[in-house]
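Here the structure comes first, spelled out in structure tokens, and everything after it is commentary.
The values are calculated or read from the model by the stated rules, or taken from the named source; none is laboratory data. What you see is a predicted model, and the numbers here were worked out from it, not measured in a lab. Every residue, glycine as well, gets a Cβ built from its backbone with ideal geometry; the counts of neighbours run over all protein chains shown. The accessibility values were calculated without ligands, DNA or RNA, using every heavy atom of the protein model including side chains. Shrake-Rupley method; radii C 1.70, N 1.55, O 1.52, S 1.80 Å.
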Amino acid sequence: MPLALLIALADQYGFLLAAIIDGVYTILLAVAAPLRGRIVDTVGARRALVPMTVLSTLGLFAIVASIQFAAPWPLTLSLVVVSSLSAPPINAAIRVEWTRIVEGDPEKLKAVHSADSIIEEASFIAGPLLAGLALTVLGGIWAYTAAAMLTALVGALYLVHFFRRIDGSKVNDLEGYDFDVRGSRILGALASRKLLAILAPLIGMGFVFGGIDVYAPAYATALGEVGLAGIVLAMISVGGVIGGMLYATVNWSATLWTKYALLTLAFLAPVTFVAFADNLIVLCALLALGGLAVTPLYINAYLLVDRDVEHQYRHEANLWLGASTDLANGAMAIAIGGAVANQDWQTSRLVISASVVACGVLLITMFTVAYLRRRRQSA
């Protein structure tokens with residue numbers, strides 16, 4: 001969807017406006033996702049998911065019509081806003097069910113989150129490759145039309161298959177938890193300090209994803225090979241699937257937080273060198289190497305949320321994991337949009353690498369402080 005939308009918008013409005021609209025789309029998905037999760041926690045999944053799915057689907061097809069008929073870009077942006085705000089948090093609802101089904105068995109919970117994350121990551125390989133093929137064969141607008149139709153179909157199938165299996169109960173009892181209740185009513189899951197620590201590495205990943213999501217299609221288009229964009233974007237997920245399978249099968253005895261810190265560094269180290277990737281082969285190699293840590297990072301994040309975040313925010317906390325990445329993704333997409341509009345490829349890569357270095361320094365400092373604090377407490 002994002003790749004097809006970006007190229008469809010670029011065909012009508014140019015890459016600068018396309019990057020801005022696509023960035024707004026990504027940011028709104030991220031900002032609204034936890035709020036939608038809070039709605040699900042409050043009224044129950046059964047009551048929330050159906051109207052969200054219907055409204056989001058109508059918004060998708062309105063976007064198709066707006067681009068198809070070259071409507072003014074503010075109208076297209078408005079439709080993107082409507083569709084983004086109403087997108088149903090189906091994945092979070094399913095992940096909450098994993099926790100309920102295998103409750104009390106950490107090994108089974110790790111296994112099911114690993115399988116879930118690996119399958120999802122595999123879809124991020126198939127998605128960009130199919131998008132690249134569709135863009136080559138059909139062009140931007142028809143590729144996005146096909147993506148919208150498939151998205152609507154998948155949403156309907158999810159609801160039909162899982163509707164009776166999804167727990168419809170509300171979770172809004174605020175008693176018995178060890179954080180400020182008044183603050184939690186406003187901040188929701190973000191009132192948990194542990195959740196904020198879990199989100200920090202995922203924000204760093206988002207800066208990389210956002211930059212590459214705009215740079216790769218723009219550069220491939222400039223080369224006259226738009227289909228290559230799908231291959232480049234799939235490389236992170238190729239590494240993610242391999243890394244997820246290794247993580248799921250290897251017996252690693254470190255604590256979840258230690259694993260989380262080391263996996264974060266394993267992701268950031270290769271992508272720091274994106275600034276020097278002046279051809280797509282080198283870029284693909286760096287993204288695949290960094291991608292080895294992506295799925296294990298998310299598996300660890302889900303396990304940490306299940307263990308350390310208060311249960312009454314189960315949907316909202318799960319959604320913040322993806323939302324934190326998407327917020328950084330959207331911000332970087334907008335920042336890179338101006339550079340690629342002028343075909344300033346070197347500056348684009350330097351900005352991506354600089355963001356990685358900055359995030360790396362902050363995360364190393366954060367993990368070091370946390371480690372020293374734990375040492376003092378244990379002493």
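Data table
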item: Heavy atoms of Ile20 accessible to a 1.4 Å probe, total area in Å² rounded to 10; result: 60 Å²
item: For Ser123, solvent-accessible area (1.4 Å; no DNA, RNA or ligand), Å²; result: 60 Å²
item: Restricting the stretch 250-296 to chymotrypsin sites (Phe, Trp or Tyr not before Pro) in coil, as DSSP defines it, with at most 13 other Cβ within 10 Å; result: Trp252
item: Quotient of Cα Rg and 2.2 N^0.38 Å for the chain, N being how many residues it contains; result: 0.97
item: Most to least accessible of Trp345, Trp98 (protein chains only, probe 1.4 Å); result: Trp98, Trp345
item: Pairwise FRET efficiency - Val160 versus Ala65, Cβ, R0 = 35 Å, nearest 0.05; result: 0.85
item: Axial C-alpha extent at least 18 Å, average Kyte-Doolittle at least 0.0 - helices from the chain (DSSP); result: 15-43, 45-68, 73-86, 106-138, 140-162, 193-222, 228-249, 256-271, 294-308, 314-341, 345-378
item: Between the stretch 305-379 and the stretch 1-37, the Cα center-to-center distance that results, in Å; result: 19 Å
item: Net length gained if the chain between Val369 and Val137 were fully extended (0.36 nm per residue, minus Cα distance); result: 78.3 nm
item: Cβ-Cβ FRET estimate between Leu150 and Ala358, R0 fixed at 51 Å, reported to 0.05; result: 0.85
item: Met245 accessible area, 1.4 Å probe, all protein chains in place, Å² to nearest 10; result: 110 Å²
item: Sulfur and carbon atoms: percent of accessible area, the chain [1.4 Å]; result: 68 percent
item: Accessible surface ranking that places the most exposed of Glu107, Glu97, Glu225 first, with a 1.4 angstrom probe; result: Glu107, Glu225, Glu97
item: Extension gain from Ser253 to Leu35, taking 0.36 nm per residue of separation minus the Cα-Cα distance; result: 74.9 nm
item: Anisotropy class of the stretch 34-145 from Cα gyration tensor, a/c 1.5 cut; result: oblate
item: FRET efficiency for Met245 and Asn342, using Cβ-Cβ distance with R0 set to 51 Å, rounded to 0.05; result: 0.80
item: Solvent-accessible ranking of Tyr25, Tyr215, largest area first, probe 1.4 Å; result: Tyr25, Tyr215
